[in-house]
1. Using the structure shown, decide if B:GLN117 is assigned to a helix (DSSP H, G or I) and more than 9 Å from every other protein chain (Cβ to nearest Cβ).
2. Pairs, please: C-beta under 7 Å, at least 6 apart or cross-chain, first residue at pLDDT below 60 and in the range A:280-297, second open to solvent by 10 Å² or more (accessible area, probe 1.4 Å) and not in a loop (DSSP other than H, G, I, E, B)?
3. From the residues in the range A:177-207 that are among the hydroxyl-bearing types (Ser, Thr, Tyr) and within 15 Å of A:PRO343 (Cβ to Cβ), which one is modelled with the lowest pLDDT?
4. Is at least one residue of the range B:79-97 free of Cβ contacts under 8 Å to residues at least 12 places away in the same chain and in contact with an Asp or Glu (Cβ under 7 Å, 6 or more places away or on another chain)?
5. Would you list the helices (runs of 4 or more DSSP H) that sit entirely within the range B:148-205 and hold 2 or more residues that are within 7 Å of chain A (Cβ to nearest Cβ) and either more than 30 Å from A:PRO343 (Cα to Cα) or open to solvent by 70 Å² or more (accessible area, probe 1.4 Å) (or both)?
6. Looking at (1) more than 12 Å from chain B (Cβ to nearest Cβ); (2) crowded, with 18+ Cβ neighbours inside 10 Å; (3) modelled with pLDDT under 85, which is the only condition A:GLU98 fails?
7. Keeping to the range A:24-77, report how many residues are within 21 Å of the chain's Cα centre (by Cα) and more than 13 Å from chain B (Cβ to nearest Cβ).
8. Among A:GLU72, A:GLU127, A:GLU57, which is open to solvent by less than 30 Å² (accessible area, probe 1.4 Å) and in a helix (DSSP H, G or I)?
Amino acid sequence: MSDVDSASFLTVLPGKNFSGRSRYLKSLVASEKRDENLYLGELATHYISGIFPTVKEEINLHLSKADKNTTEIIKHLFSIYGFEKHLNKNPFLLSGGEQTILALLCHLLLQPDVLAVDTTLEQLNEEWRIPVWNAIQKGDFPQTKVFLADNRLNEYKSDCIKNFSAFENNEIFKWKFNLPVVNDSIEYEKVSQDIQLNNLSFSYQKNEKILENICLKLESNNIYHLEGANGAGKSTLAKILCGILKINKQQLFINGKEFDAYKYPGQLAGYSFQNPDEQLFSSGIEKEILYPLKKEPADYTQRRENYIQMFGLQDIRNAHPSELPFVMRKRVALAATLAMDRPWYILDEPTLGQDDNFVFFLIGLLNNLTKRGKGIIIISHSCTLTNNIKCKKLFLQNKKITF
Amino acid sequence: METNNLYINPYIRVLFAVFGIAGTLLINRISLLICFYLVVILPLFICGQQVKKHIQLMLFGMLPVFLSFVLLYILVLKGNEGGWNFVFMRTSKLILITSIIQLTLLIPAPFLIHTFQQWRLKEESLITVLGSFTVWTDIRFRAQQILTARFSRGFIRKRTFTEKIKQFPPILIPLVIGILRTSTERAESWESKNILHLIEINQTEKIKTPLLLNVFVCLSASIWMITGVLVFFIT
């Protein structure tokens with residue numbers, strides 16, 4: 001405890017996955033007196049009260065306990081994040097980043113003594129992280145000490161970072177996860193499938209275009225980093241490529257030939273979701289990775305084994321995904337997606353909750369995949385990932401893509 | 001003080017439900033039942049912008065009931081005299097009662113808490129009832145996401161109706177697990193936030209009642225009730 005006691009309002013806890021940070025944060029907030037110490041876990045959606053039909057009601061509930069000064073600061077922060085237009089929305093329909101901000105600011109409104117934030121802020125891009133980060137750091141909430149477990153420390157310019165690795169060698173979890181070096185030696189058939197989007201437009205409702213006249217060529221053997229603000233249409237574009245959303249004819253071409261992705265969903269691109277819980281449904285990890293491969297004609301056994309070994313899942317191959325911590329569920333979801341032999345992969349926040357070890361392992365794996373002719377689109381706010389991987393930037397803004 | 005044209009006073013909602021259902025049970029004339037539906041119920045759904053939900057309920061709830069009555073009449077009563085009248089009367093009454101309950105409970109999101117608090121719901125009961133109204137958005141959104149994930153991983157190769165039906169069991173597993181996980185974490189969060197206390201001290205905004213709409217609802221329900229009593233005793 002003395003390692004991290006500090007006069008600072010914000011204490012950041014770096015450390016590797018499975019070093020015991022989450023346990024430590026939970027022990028910090030364990031208190032007999034309720035609402036004095038609060039914990040905010042990996043997925044903000046679990047920490048929204050879930051009973052209020054609108055964002056406005058959710059905020060109002062938490063306002064009732066806050067003093068005038070805190071109320072003013074939080075209201076100002078909400079306005080910075082543009083929450084005025086979301087007040088009558090259902091909180092569940094907000095994007096991941098918006099839910100994170102909502103949960104965090106509502107927890108701060110309760111003015112706890114300690115607020116433990118467990119990798120929640122990793123869902124925010126730098127632009128969104130700065131206002132709330134600065135407010136906490138400069139002491140706008142003097143009664144609250146915030147402890148933050150985060151894997152993206154190299155992206156923070158903070159002088160109040162305290163190293164914390166007290167649990168580094170403890171046997172806290174049942175399994176030890178040591179990621180081996182990337183050794184994906186299986187030979188895949190090298191097939192290049194370049195994607196061409198020709199005047200692609202898409203709208204969910206009439207006269208409300210999300211994407212407009214996008215002309216773009218995506219070459220396989222490359223990694224693309226798709227950037228854009230919340231609601232810019234990143235997920236929409238990903239869903240179009242995966243064949244989930246229907247587009248007009250003559251808008252999507254593969255190697256110059258028109259391709260109907262909607263008719264063959266999931267065949268052009270494998271999609272790894274931001275929230276792994278939406279993706280995992282088998283009763284065991286081995287089955288999770290095996291299941292889609294069964295439908296493929298080629299021998300899949302070696303590929304499955306390879307991915308189980310690479311992602312360090314061999315000791316937990318029969319465990320139910322829901323028994324695992326978030327970090328591991330995310331890894332299983334990634335392994336299951338990448339094990340599929342698809343020309344393209346779309347990875348939404350692949351390093352959420354992951355430490356640098358895993359990030360560099362993933363960089364190596366993705367580079368290997370591109371050498372085999374695969375194309376990869378990454379949607380991520382992690383600078384560690386995107387700065388250390390050779391990728392082409394795509395900016396999605398104002399319904400258009402720029403380079 | 002907030003004004004909204006769709007706001008029906010919580011007490012008038014209850015009065016509408018009680019008088020509406022009582023009047024429907026007392027009246028045994030199909031023409032009157034249809035008249036009440038067309039003059040009062042349908043305009044209220046249109047006014048509240050809830051026509052789509054109402055049509056869905058009629059199609060998936062009332063139509064099967066009507067068809068069951070018809071089958072019952074043909075197979076069991078074997079077309080005895082008076083049977084068709086029985087079928088139409090029961091169906092009309094069921095449609096009216098269901099529509100009245102639907103109208104009473106279709107509370108626009110911004111008025112939910114205020115309405116429940118006016119109905120004297122407190123603490124755990126308020127959380128339970130509120131949760132049962134709001135949780136569906138979460139579940140629907142999750143189910144959609146899981147289906148999307150299955151499409152994107154190539155599990156569903158054809159977009160046929162039978163393929164979609166086949167997806168229900170696999171969707172249920174992650175859906176139930178996800179809901180259980182969320183529920184556990186949310187319950188812990190409620191406990192640590194002491195949410196009961198927060199709700200207790202929370203002051204909801206007062207809402208100004210749109211007079212015309214509320215007078216119409218109140219009057220129509222009262223007239224319907226009186227008509228029901230008169231028809232019942234006269235006939």
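1. yes
2. A:LEU293/A:ARG303; A:LEU293/A:ARG304
3. Taking the candidates together, the pick is A:TYR188.
4. no
5. B:168-193, B:195-201
6. A:GLU98 satisfies every listed condition except (3).
7. Result for the range A:24-77: 0.
8. Exactly one residue qualifies, and that residue is A:GLU57.
The values are calculated or read from the model by the stated rules, or taken from the named source; none is laboratory data. Source: prediction; values computed, not measured. FYI the Cβ positions are ideal-geometry reconstructions off the backbone, even for glycines, and counts take in every protein chain you see. The accessibility values were calculated without ligands, DNA or RNA, using every heavy atom of the protein model including side chains. Shrake-Rupley method; radii C 1.70, N 1.55, O 1.52, S 1.80 Å.
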